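Below: the structure, in structure tokens.
Readers should treat all values here as calculations from the given coordinates under stated rules, not as data from a laboratory. Note that this is a predicted model, so its numbers are computed, not measured. With ideal geometry, Cβ positions are generated from the backbone for all residues, glycine too; neighbour counts draw on all protein chains shown.
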């Protein structure tokens with residue numbers, strides 16, 4: 001008698017072929033229908049996009065304003081440093097033979113500016129002003145060697161009074177970045193310490209800085 005050989009794994013009927021062995025028809029399962037967005041979901045997405053866009057625009061506008069106000073802070077600080085240097089070296093302007101203590105008592109800041117640069121705030125109201133050499137060729141800018149060669153957003157003025165221990169200088173920058181009539185002000189002051197050495201006040205007064 002011949003021994004029956006067991007069918008190999010390849011010859012074993014597969015479970016997936018069972019329906020063919022019993023004559024059952026092939027069943028095709030319909031694929032799940034793709035789901036679209038509903039109207040409320042679309043409206044929510046559009047609303048979220050609008051909010052994010054508004055926040056982004058606000059952030060950009062705030063950054064641009066901050067970059068512009070940096071001009072006022074930096075320029076007033078530079079003018080104040082120059083004014084202090086002038087005060088500390090004003091001994092040389094005293095008559096020959098003046099005693100050192102007396103010379104220190106007569107130390108002073110440069111004279112006040114007759115007008116701001118530019119002279120009218122309208123020149124920087126919602127726009128920039130390109131100054132010329134003539135704008136900075138008068139007191140006190142000439143004494144301090146200060147000028148701005150690039151277009152500026154602010155009008156700068158300088159005021160000084162007193163001498164010796166009572167001397168004081170005030171530097172101001174005025175602007176209207178968006179041209180809405182609201183003026184921003186940045187104010188820096190200088191005054192001497194007990195040793196008659198002028199120092200810049202580290203606190204910068206800001207009024208409506210970003211309007």
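Observations
- Prolate/oblate/rounded label for region 93-135 (Cα gyration tensor, a/c 1.5): prolate
- Reference-scaled alpha-carbon Rg (2.2 N^0.38 Å with N residues) for region 64-211: 1.11
- Most to least packed among 139-146, 153-160, 90-97, 179-186 [average Cβ atoms within 10 Å]: 153-160, 139-146, 179-186, 90-97
- Remark: 107, 128 ranked as 128, 107, counting other beta-carbon atoms within 10 Å and listing the fewest first.
- Shape summary: region 134-179 maps onto an equivalent ellipsoid whose semi-axes, from the alpha-carbon gyration tensor, are 24, 15, 7 Å in decreasing order.
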